[in-house]
Amino acid sequence: MHTLKAVGSVVLGYLVLAILLAVALTAAYLAMGADRAFRPASYEVSPLWLLVWFIISLAAAVVGGVVCRVTSRSPRAVISLGIVVLALGVLSALAPRPENTEPRSAEVSSVDAMMKAEQPPAVLWSTPVIGMAGVLLGGLLLGPLLGPRGTQAQHAGSTH
């Protein structure tokens, strides 16, 4: 039962991270608009978008880590979530990306923006590391502070 709880907590932490990330980045894009999210006449993301992306990505990962820790009460589950985030992020960075040769129009839907955005390679490869760091920060440092009282005392006497 303990393992099932840990797996469920990893899945829940990841879902919270992914949903929060999608909602927050979509809201940020809609608030900023294409002209501030991209460089002029291209799908290359702007420095402002990179800053917004970094803050939102880190915050979502921290929240996912906290959710995992609070629901599992286990640092091992948090480490597992961090490994999952790292592995999926590396797979995403390795995925082939089509080149956008068309110029960007003035109005770009959030779906088109997501599909056509061109991020620097350093961003693609830093994403998994930022995600893992955020999960570990949230789950290992903040989670114990925000979780139910007595968690460490319960684990100290546990044989699991």
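Please identify, among V70, V111, V11, the residue showing maximal mean-square fluctuation in a Gaussian network model of the chain using a 10 angstrom Cα cutoff.
The residue with the greatest mean-square fluctuation here is V111.
Sorted from fewest to most neighbouring beta carbons within 10 Å, what does the list W125, W53 look like?
Starting with the residue having the fewest Cβ neighbours, the order is W125, W53.
Any idea what diffusion coefficient the chain gets from Stokes-Einstein, in µm²/s, Kirkwood Rh on alpha carbon pairs, 20 °C, 1.002 mPa s? Each step should come with its number before you reach the end.
Values: Rh = 16.9 Å.
Rounded, D is 127 µm²/s.
Can you give me the C-alpha center-to-center distance between region 79-93 and region 28-51, rounded to a whole angstrom?
So the two Cα centres are separated by 26 Å.
Based on Cβ point charges of +1 for Lys and Arg and -1 for Asp and Glu, what charge dipole magnitude is obtained for the chain about its Cα centre, in debye rounded to the nearest 20?
760
Connecting C-alpha atoms closer than 10 Å in a GNM of the chain, tell me which of L146, L58, L17 has the biggest fluctuation.
Among L146, L58, L17, the largest mean-square fluctuation in the Gaussian network model of the chain belongs to L146.
Can you list which of the DSSP-assigned H helices in the chain have a Cα extent of 27 Å or more along the long axis and an average Kyte-Doolittle score of at least -0.5?
Answer set is 2-32, 47-72, 75-94.
Bear in mind these aren't lab numbers, they're just calculated from the coordinates by the rules spelled out. Just so you know, these numbers come straight off a predicted model, no measurement behind them. Note that we place each Cβ from the backbone using ideal geometry, even for glycine, and neighbour counts take in every protein chain shown.
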